[in-house]
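Coordinate-derived values only; no laboratory data. All of these numbers come straight from a predicted model, not from anything done at the bench. Every residue, glycine among them, receives a Cβ derived from its backbone with ideal geometry; neighbour counts consider all protein chains shown.
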Amino acid sequence: MIQIAIDGPGGAGKSTISKAVAAKLGIVYVDTGALYRTVGYYVRTQNIDPHDRVGVSGCLPQIVIEVRYVDGAQRVYLNGEDLGDRIRTPEMSMYASAVSAIPEVRAFLLETQKDIARKNSVIMDGRDIGTVILPNADVKIFLTASAECRAKRRYDELIAKGQTVRYEDVLREMNERDTQDSTREIAPAQAASDAIVFDNTGMKLEESVEAIVSLIREKTGFAG
Ligand code: DC
C-alpha cells in the first residue's frame, strides 16, 4: 500500500494530475475538496452563513457523507444523494473554503479521509494532506503555479462546463480563496516541511503527470 499526498492552491492542477497519476499507477484518487464542498452545499441549503461557526457546527449532526468509488471515479453522497456537479460552482468553492476554516468541520471529515487511506493505496489531494491527514505519506508534493496560470486553467474548466464567468472574477475569487485557505488558524494550506514543491506554470498536463509518476516510482519503488 502506498500513500501519496498532493497539496496546493486552487487551479494548480491537483485533481486532473492526481486522477491521471492514479490511473497510471492503479491506485485510488481521493478528492478531499469534494467533502468540504458537500458540507458547504448543505450549509447553503439551510441558509446558514458559512462563516458562522456555531450555525455550521450545529448542523453537522444532520449530515451523513458517504464516499464511493464507481469504476475508479469518486462519488460523494450527501444524506444518500449524489450531488454531482452541483458542488463545482464558484459559489460552492467559496462556501467550501469558508466552512473548511471551522475546526468542527475539519474534525467531522477527518476519519472519513483517514479511513479511505487505511483501506486503499491512494493519491489524495487537498490542502492539509501532507501536514495533517497523511503525515507519514510515502511521497508529499506541494503543487503550485502562478496565479494567472491557475486562474486561466480554472476559467477554461468553467467555460468548458458551460458556466458564464469572467477571467478577472475567477482570478480575484481564486486569490481571495487562497488567502483564506493559507492564512486560517487550523490546518492552513501550506507545504509540509518534507514536501517536494513542484511549480508547473506553463507545463502541459502530460509533462506534469510524467514527472510526478517518475518521482513516485523513484521514491517508493512502486511499480503499479
Ligand atoms: O480542492 P477544492 O477547490 O475542491 O477545495 C475546496 C475548498 O475546500 C478549498 O478552498 C479549501 C477546502 N479544503 C481544505 O480545507 N482541505 C482539504 N484537504 C481540501 C479542501
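Label segment 1-51 by shape, choosing from rounded, prolate and oblate, from the square roots a ≥ b ≥ c of the eigenvalues of the Cα gyration tensor; if a/c is under 1.5 it is rounded, and otherwise prolate applies when a/b is larger than b/c, oblate when it is not.
On the way: a/c = 3.22, a/b = 2.43, b/c = 1.32.
Here segment 1-51 falls in the prolate category.
If you stretched the chain out fully between residue 24 and residue 218, how much longer would it get, using 0.36 nm times the residue separation minus the C-alpha to C-alpha distance? Don't jump to the answer; show the numbers that get you there.
Numbers: separation 194, 0.36 × 194 = 69.84 nm, distance 1.48 nm.
Between residue 24 and residue 218, full extension yields an extra 68.4 nm.
When the C-alpha atoms of segment 136-224 are aligned to their principal axes, what extent does each axis show, in angstrom, from largest down?
Principal-axis extents of the Cα atoms in segment 136-224, largest first: 45, 34, 19 Å.
Over its Cα atoms, what ratio of radius of gyration to 2.2 N^0.38 Å does segment 86-188 give? Could you put the intermediate results ahead of the total?
Numbers: Rg = 15.1 Å, N = 103, 2.2 N^0.38 = 12.8 Å.
My calculation over the Cα atoms of segment 86-188 gives 1.18.
In what sequence do 15, 100 fall when counting other Cβ within 10 Å, fewest first? The partial results should precede the final answer.
Details: 15 19, 100 28.
So the ranking, lowest neighbour count to highest, is 15, 100.
Mind giving me the FRET efficiency for residue 182 and residue 79? R0 is 41 Å, r the Cβ-Cβ distance, nearest 0.05 is fine. Don't skip to the answer; put the middle values down first.
Working: r = 31 Å, r/R0 = 0.76.
My answer for the efficiency is 0.85.
Could you work out how much longer the chain between residue 59 and residue 207 gets when fully extended? Use 0.36 nm per residue separation minus the Cα distance between them, nm to one decimal. Write out the running numbers ahead of the final one.
Numbers: separation 148, 0.36 × 148 = 53.28 nm, distance 4.31 nm.
Difference between extended and current length: 49.0 nm.
Between residue 68 and residue 86, how many nm apart are label points set 7 Å from Cα along the C-beta direction?
It is 1.7 nm.
As a test of the formula, what do you get for the chain when each DSSP H run with n ≥ 4 contributes -39,500 (n - 2.57) and the sum is divided by the residue count, at 222 nm and rounded to the nearest 500 deg cm²/dmol?
On the way: 8 runs with 107 residues, N = 224.
Taking each H run of at least 4 residues, the total per residue is -15000 deg cm²/dmol.
Beyond 18 Å between alpha-carbons counts as too far, so tell me which of 152/204; 114/219; 119/219; 14/140 fall in that bin.
On the way: 152/204 13 Å; 114/219 22 Å; 119/219 21 Å; 14/140 12 Å.
From 152/204; 114/219; 119/219; 14/140, over 18 Å: 114/219; 119/219.
Can you compute the radius of gyration and Dmax for segment 24-123, using only the Cα atoms, both in Å?
13.5, 43
Provide, in order from the shortest bin, the percent of all Cα-Cα pairs of segment 41-93 in each 5 Å bin, continuing until the bin that contains the maximum pair distance.
Pairs per bin, as whole percents: 4, 17, 24, 25, 18, 7, 3, 1.
Can you give the Rg/Rh ratio of the chain, where Rg is from the C-alpha atoms and Rh is the Kirkwood radius?
Working: Rg = 16.6 Å, Rh = 17.7 Å.
Radius of gyration relative to Kirkwood radius: 0.94.
Taking a temperature of 10 °C and a viscosity of 1.306 mPa s, what whole-number D in µm²/s does Stokes-Einstein yield for segment 178-223 with Rh from Kirkwood over alpha carbon pairs? Walk me through the intermediate numbers first.
On the way: Rh = 12.9 Å.
Value of D from the Cα-based Kirkwood radius: 123 µm²/s.
What's the exposure ranking of 183, 16, going from fewest to most Cβ atoms within 10 Å? Show your work: numbers first, answer last.
Details: 183 11, 16 15.
Taking fewest neighbouring Cβ atoms as first place, the list is 183, 16.
Using θ = phi - 60° and the Karplus curve 6.51 cos²θ - 1.76 cosθ + 1.60, what whole-Hz ³J(HN,Hα) does each residue of segment 128-137 get, with Gly and Pro shown as x?
So the J values, rounded to whole Hz, are 10, 5, x, 8, 10, 6, 10, x, 9, 4.
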